[in-house]
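Right, one structure below, let's go through it.
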Amino acid sequence: MTGGILFDFDGTLVDTFDDIVLSVQEMRARLGAAHLPDAQVRGHIGWGIRNLIGQTLPSSDSLRPDRLPPDSNDPPFDREDVERGLAIFREIYAREMFVHTKPYPGIRELCLDLARSGLGLAIVSNKHERFVRRMAAGLGLVDPLRVIVSAGSVPRNKPDPMMLRVAAERMGIPIARCMMVGDGVLDVQAAAAAGIPCCAVAWGLTPAETLLHLSPAHLARTTADLGAWIRTTARALTGPAARG
């Protein structure tokens, strides 16, 4: 029986951050707010889209720089304000999502090679499903990554393990024979909740020190390193010892 690999999307497979920041800045301009430092916007990515919007709405400007609530997957912002900002952001992002976005070097080739070897590959992302599917198709990632489970397609996002379990089920692979790959805190937490190993990657937004503090099974700093870990882990999960 084959093993499965559950990939996060933003910051793991694809560098999407410049276009996300661009869209946030245009959302603020539409709402009559000043430009924020790009690094400040980037610092709020990775905790869910509603957190990002809440942290960067003009109504949060009076709380800067040290009174904003911490980033979280369940942000304590006014729901109506967030939904209004989110609608504007999504309109802009649908137009701007391919300006700078591209797969990380070697990722597409790695995914194709892993798929050819018989492993199952899936995307599990807190990004809205319509954006993930459009981007995966536009960037040539659909063939190796045919299963996509993302925000809007299941009731609960990462760090809840639901996405991971649904993706495994859709691949026809037991979750116990799967592994997670991601660049964020929520990815490592979701893998732990699902009881599967996680390889954190060091090329996303989360500092390596933060990821290491969460004790992932491995921290990959290059795609070659990631590929070697995946192949070794797949053998361990699907070999005779695992079956016995």
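What to note about this one:
- DSSP bridge pairs, the chain: antiparallel proportion in percent, nearest 5: 10
- Multiplying the residue separation of residue 236 and residue 115 by 0.36 nm and subtracting their alpha-carbon distance yields 41.8 nm.
- Contact order normalised by residue count of the chain, Cα under 8 Å, 6+ apart, percent: 24
- Each part gets one Cα centre, and for segment 112-140 versus segment 166-233 those centres are 15 Å apart.
- Taking each residue as 0.36 nm, the span from residue 61 to residue 129 lengthens on full extension beyond its C-alpha to C-alpha distance by 21.5 nm.
- Two-decimal Rg/Rh across the chain, once Rg and the Kirkwood Rh are taken from alpha-carbon atoms: 0.98
- Sites excluded, trypsin sites (Lys or Arg not before Pro) in DSSP loops with at most 16 other C-beta within 10 Å, longest stretch of the chain: 68-145
- The stretch between residue 143 and residue 98, if pulled fully straight at 0.36 nm per residue, gains 14.3 nm over its current Cα-Cα span.
- Cα-projected label distance for residue 78 with residue 215, points at 7 Å along beta-carbon direction, nm: 4.3
- Amide H partners (placed H, <5 Å) of residue 179, local residues excluded: 4, 5, 6
Bear in mind that the values in this text are calculations on the coordinates, not laboratory data. Values in this document were obtained by computation on a predicted structure and should not be read as measured data. Positions of Cβ are backbone-derived with ideal geometry, glycine not excepted, and every protein chain shown enters the neighbour counts.
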